[in-house]
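One structure is given below, encoded as structure tokens.
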Amino acid sequence: MKLSVTFGAAEKKSTDIIIISLFENIKKIPSDLNALDKASGKAISSLLQNGDFNGKLNETILIPTDKKIAPKRVLLVGLGKSTAFSLDKARQAAGTATRVIQEKKYKNPSLLLYGTENKEISLEDVTRSVVEGILLSLYTFTMYKTLKKEEKTDITNYSLIVQKKDDLENVKSAVQKSQIEAEAVCFSRDIVNMAGSDATPTFLANKAKEIAKKTGVKCKVLSIPEMKKLGMNGILNVSRGSSEPPKFIILEYNSKKNTNDTIVLVGKGVTFDSGGISLKPGAGMDLMKADMSGAAAVLGTFKAISDLKPSSHIVGLIPCTENMPGGRALKPGDIIKYMSGKTVEILNTDAEGRLILADAISYAKKYKPDAMIDIATLTGACVAALGTFASGMLGNNEELKDRVKQSGENCHERVWELPLWEEYNDLIKSNIADIKNTGGKYAGTITAACFLAEFVEDFPWVHLDIAGTFLVEKDTPYIRKGATGVGVRLLTHLVMNWKKMTDASKKK
Ligand code: BES
Ligand code: MG
Ligand code: ZN
């Protein structure tokens, strides 16, 4: 599918269908639609007057134009109340309209881009959200379907229409950027949706190497002997029960003599989490093929930045392993000694994510990070606490938390903070080792983060728990049932706006 940007009068555009986005309960149609409305014999304004279309968010109505205007049909889509407008409403409406078009099998749709009264929301912002809504809503996972054709989109050319010629260049560049981002999200969704036996640690390592073919990105994959040398005893122990070899992926963007900030991104890459000897119950265990969603988010982010070229030095650390109950598997009661010297008592082998993240966090020190963000499907407790609309955020630095929060809001991958007060540390004290890998019945997300904090020294760090957000159970306007690709847009936005946010904080 080609996405193009054109300038011109909507009513003169030859297209299968033109999408017009309207706010809720408007009395008069916006003046920039007058010509289209008039030429179509007041098709739009009479619908509004009769109350047949109210503009509620995601409401749609299809109007034939009887050859009165060049577009064969008009699709009205509601944006909801103008006072409650947000970029996510634009994303949703574009996604909803696109799905209608896809179902009807129209090949050449157009969408009229629109401005808003909110001065803080620019036309580029709207464009970005619209493009995301279009491309993300069209995503389907067809890898294992034999009838791929039925799932494919029929849309060949999707054009976005700008109403002022002066806006053309800015809009084109916004389209290009969001296209790169959306493709990275779909890449991430694909590898999360794949079967655990296909998306193995070795497979993820090969994906990372593919990404590193782009200039500016380097990739190194550590295998068992190198991990042994470094003392990466978390991942080595977790992988013991599996016959798949573990891999520790290191991606580095912009490494050469870079004086800009260094940002380290760490992603949990458990390609299947059976729980290990502390075996999980059977129901729902299939979902644990997606326990590498953090890894997929970091890989997707690297895919995006390899094209978008931010100025910072960015390092990706991705420990990848299966967690299986083999004959040589890690056992409850075992003790792991980490590279920092810290000892950990294993009480539950299903709390494996923190064990492998600890290696990556310790390894990150060699880069002297200005910021480190780890992202992981870490605890069921996070789903209990926040449900599916927010990822859990914990960290040791107010400014970094603020940046992550802002980025999450901008792309609607929202995060919500949980406390990391020192009292919680008592919960992971062990009788026989320094700490233990579970914190008991309560505050599971917090005690998991306390565990990670033990390995973070004093550099700014944020932990994101995406156990509730890596997947949706039913279709939403721009995410279909299955992997969401959460984290890719948030992290990409964060690194792309890093310098801007630094400058803004200096002014404060
Ligand atoms: N991968 C799971 C967490 C998870 C649960 C992710 C549900 C996505 C959806 C993690 O490895 C795990 O098993 N955590 C345990 C920790 C417990 C044993 C302390 C959990 O949350 O039950
Ligand atoms: Mg587990
Ligand atoms: Zn896990």
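The values are calculated or read from the model by the stated rules, or taken from the named source; none is laboratory data. Everything quoted here is computed from the prediction, not taken from an experiment. For neighbour counting, all protein chains shown are included, and Cβ atoms are generated from backbone atoms with ideal geometry for every residue, glycine included. When the accessible area is computed, the model is the full protein with side chains, heavy atoms only, and any ligands, DNA or RNA have been set aside. Shrake-Rupley method; radii C 1.70, N 1.55, O 1.52, S 1.80 Å.
General observations
- Set of aspartates and glutamates with alpha-carbon distance to Lys214 below 15 Å, sequence-local pairs under 8 removed: Glu252, Asp307
- Magnitude of the charge dipole for segment 181-262, about its Cα centre and with charges confined to Cβ atoms of Lys, Arg (+1) and Asp, Glu (-1), is about 440 debye.
- Per-selection metrics, segment 2-163 (Cα): Rg and Dmax in Å: 15.5, 50
- Diffusion coefficient, µm² s⁻¹, Stokes-Einstein with Kirkwood Rh over alpha-carbon pairs of segment 75-191 at 37 °C and 0.692 mPa s: 217
- Aspartates and glutamates with Cα under 18 Å of Lys27, excluding same-chain neighbours fewer than 8 positions away: Asp37, Asp52, Glu59, Glu117
- Given Lys89/Lys164; Lys342/Lys508; Lys177/Lys405; Lys256/Lys499; Lys309/Lys401; Lys405/Lys441, the pairs whose alpha carbons are separated by over 30 Å: Lys342/Lys508
- Ranked by the mean number of other Cβ atoms within 10 Å of their residues, highest first, the peptides 415-427, 175-187 come out as 175-187, 415-427.
- Extent along the principal axes, Cα only, for the chain: 81, 55, 43 Å, with the longest axis given first.
- Label-point separation in nm, Asn25 to Leu147, each point 7 Å along Cα→Cβ: 4.5
- Environment charge at Ala35 (Cβ cut-off 13 Å; Lys +1, Arg +1, Asp -1, Glu -1): +2
- Segment 414-453 and segment 40-95: distance between their alpha carbon centers, rounded to Å: 50
- Counting only Cβ charges, +1 for Lys and Arg and -1 for Asp and Glu, the dipole size of the chain around its Cα centre is about 1540 debye.
- Counted by Cβ distance under 12 Å from Lys436, the other residues give a net charge of -2, where Lys and Arg count +1 and Asp and Glu count -1.
- Cα-only Debye scattering, segment 318-398: base-10 log of I(q)/I(0) at q = 0.15, 0.22 Å⁻¹: -0.72, -1.25
- Here r is the Cβ-Cβ distance between Asp154 and Lys213 and R0 is 35 Å; the resulting FRET efficiency, rounded to 0.05, is 0.65.
- Think of the chain as a dipole: +1 on every Lys or Arg Cβ, -1 on every Asp or Glu Cβ, centred on the Cα centre; then among Ser430, Ser46, Ala290, Ser46 lies furthest on the positive end.
- Theoretical FRET efficiency, 1/(1+(r/R0)^6), r = Cβ-Cβ of Asn348 and Gln163, R0 56 Å, to 0.05: 0.40
- Simple spin-label estimate for Met339 and Lys172 in nanometres, 7 Å along Cα-Cβ: 4.7
- Note, ³J(HN,Hα) from phi for segment 468-481, Karplus 6.51, -1.76, 1.60, rounded to Hz, x at Gly and Pro: x, 10, 6, 8, 10, 8, 9, 4, 10, x, 10, 9, 8, 2
- Over 23 Å between alpha carbons, listed pairs Lys13/Lys67; Lys172/Lys303; Lys218/Lys368; Lys247/Lys268; Lys209/Lys337: Lys209/Lys337
- J(HN,Hα) series, segment 247-253, from Karplus relation 6.51 cos²θ - 1.76 cosθ + 1.60, nearest Hz, glycine and proline x: 9, 10, 8, 10, 10, 9, 10
- Excluding ligands, DNA and RNA, the accessible surface per residue across the chain is 44 Å² with a 1.4 Å probe.
- For segment 2-163, with all protein chains in place and a probe radius of 1.4 Å, 50% of the accessible heavy-atom surface sits on carbon or sulfur.
- Scaled against the 2.2 N^0.38 Å expected of a compact globular protein of N residues, the Cα radius of gyration of segment 198-323 reads 1.11.
- Working value for segment 84-145: equivalent-ellipsoid semi-axes of 25, 13, 9 Å, each the square root of 5 times a Cα gyration tensor eigenvalue, largest first.
- Radius ratio Rg over Rh of segment 1-72, counting only Cα atoms, Kirkwood formula for Rh: 0.96
- Inter-label distance, Ile180 to Glu124: 1.3 nm, where each label sits 7 Å from its Cα along the C-beta direction.
- Mean-position separation - Cα centroids, segment 265-292 and segment 102-159, in angstrom: 32
- Toward the positive end of the charge dipole of segment 2-163, with +1 on the Cβ of Lys and Arg and -1 on the Cβ of Asp and Glu, the farthest Cα among Ile20, Val77, Leu147 is that of Leu147.
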